[in-house]
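Presented below is the structure to which this report refers.
The values are calculated or read from the model by the stated rules, or taken from the named source; none is laboratory data. Predicted model only: the values in this text are computed from it and were never measured. A quick note on method: Cβ atoms are made from the backbone with ideal geometry, for glycine too, and the neighbour counts reach across all protein chains shown. What goes into the accessible areas is simple: the full protein's heavy atoms, side chains included, and nothing from ligands, DNA or RNA. Shrake-Rupley method; radii C 1.70, N 1.55, O 1.52, S 1.80 Å.
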Amino acid sequence: TRYHYYNPEGGAYLQDKWEHEGMVLNIGLRYDVFSVGQQLSISEVKERVKKQWSPRVGIAYPISDRDVFSFHYGRFYQIPDRSYIFDDRDVVDGRIRGNANLTNETTISYQAAIQHLFNEAVSGQFSVYYKDIFGLLTSEARAVDGQVGNITYWVNRDYASVRGFEATLTRRFANNFQGELNYAFSVA
């Protein structure tokens with residue numbers, strides 16, 4: 001490693017759970033803060049401290065005495081690995097330079113499911129899900145004042161989405177044994 005940077009970060013999470021006539025509602029809120037530190041020049045950094053709120057909501061509701069519907073929404077953030085921020089900042093030999101202005105990768109996720117109890121030993125679940133992922137990393141060549149040629153940096157530019165479904169059949173046996181058959185299909 002060619003660098004030694006001090007970059008503080010922190011997070012806090014609050015969650016509450018409500019139950020009423022079989023319905024269960026979970027609500028959570030996460031707060032994250034991240035700093036690239038004071039070692040970099042202010043001319044290189046657009047925003048030294050990056051903050052975000054990420055809500056999560058989950059609900060489960062009994063449709064009948066054998067069926068349960070559930071839904072989940074969540075917003076999740078991932079701080080870039082420090083190597084993408086700080087690596088090779090002073091190198092001009094063709095390697096990809098770190099970028100102190102990277103933002104967090106953001107995932108927005110939805111999932112809905114139906115669970116059915118066939119009998120005391122056999123249950124099944126069918127769920128569908130969808131995820132949008134923003135701010136994935138890629139590299140980009142840029143012209144820099146005072147340099148001959150372009151320099152390649154990490155940037156937040158790529159996007160992805162994932163969607164699919166999952167079907168599960170579970171069978172309980174004696175002596176606390178259990179078997180599960182699962183099929184999942186997704187398009188990413």
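Can we say I85 is under 30 Å from K17 (Cα atoms), crowded, with 16+ Cβ neighbours inside 10 Å, in contact (Cβ under 8 Å) with a residue 60 or more places away in the chain and of a type outside the set (D, E)? Let's see the steps before the verdict.
Values: under 30 Å from K17 (Cα atoms): no; crowded, with 16+ Cβ neighbours inside 10 Å: yes; in contact (Cβ under 8 Å) with a residue 60 or more places away in the chain: yes; of a type outside the set (D, E): yes.
For I85, the condition - under 30 Å from K17 (Cα atoms), crowded, with 16+ Cβ neighbours inside 10 Å, in contact (Cβ under 8 Å) with a residue 60 or more places away in the chain and of a type outside the set (D, E) - is not met.
Within the range 3-21, one or more residues are open to solvent by less than 100 Å² (accessible area, probe 1.4 Å), modelled with pLDDT under 90 and of a type in the set (S, T, Y). Within the range 150-188, the set of residues being modelled with pLDDT of 95 or more, among the hydrophobic types (A, V, I, L, M, F, W, C) and more than 30 Å from T103 (Cβ to Cβ) comprises F165, A167, L169, L181, A184, F185. When the test is whether a residue is assigned to a strand (DSSP E or B), within 21 Å of the chain's Cα centre (by Cα) and on the phi < 0 side of the Ramachandran plot, I108 passes it. Considering the conditions (1) under 30 Å from N119 (Cβ atoms); (2) small (G, A, S); (3) over 19 Å from the mean Cα position of the chain (by Cα), G58 is excluded by exactly one of them, (3).
Identify all residues within the range 129-182 that are of a type in the set (D, E, K, R) and touching a residue at least 12 places away in the same chain (Cβ under 8 Å); write none if there are none. Talk me through it step by step, then tell me what you get.
Going through the range 129-182, the residues of a type in the set (D, E, K, R) turn out to be 131-132, 140, 142, 145, 157-158, 163, 166, 171-172, 180.
The answer is K131, D132, E140, R157, D158, R163, E166, R171, R172, E180.
Counting the residues of the range 123-177 that are open to solvent by less than 60 Å² (accessible area, probe 1.4 Å) and within 20 Å of the chain's Cα centre (by Cα) gives 15.
Out of all the residues in the range 76-96, is one or more farther than 30 Å from V148 by Cα, modelled with pLDDT of 95 or more and hydrophobic (A, V, I, L, M, F, W, C)? First the steps, then the outcome.
Residues of the range 76-96 that are farther than 30 Å from V148 by Cα, as a first pass: 76-79.
The next check asks that each one be modelled with pLDDT of 95 or more; those that pass are none.
No - not one qualifying residue is present in the range 76-96.
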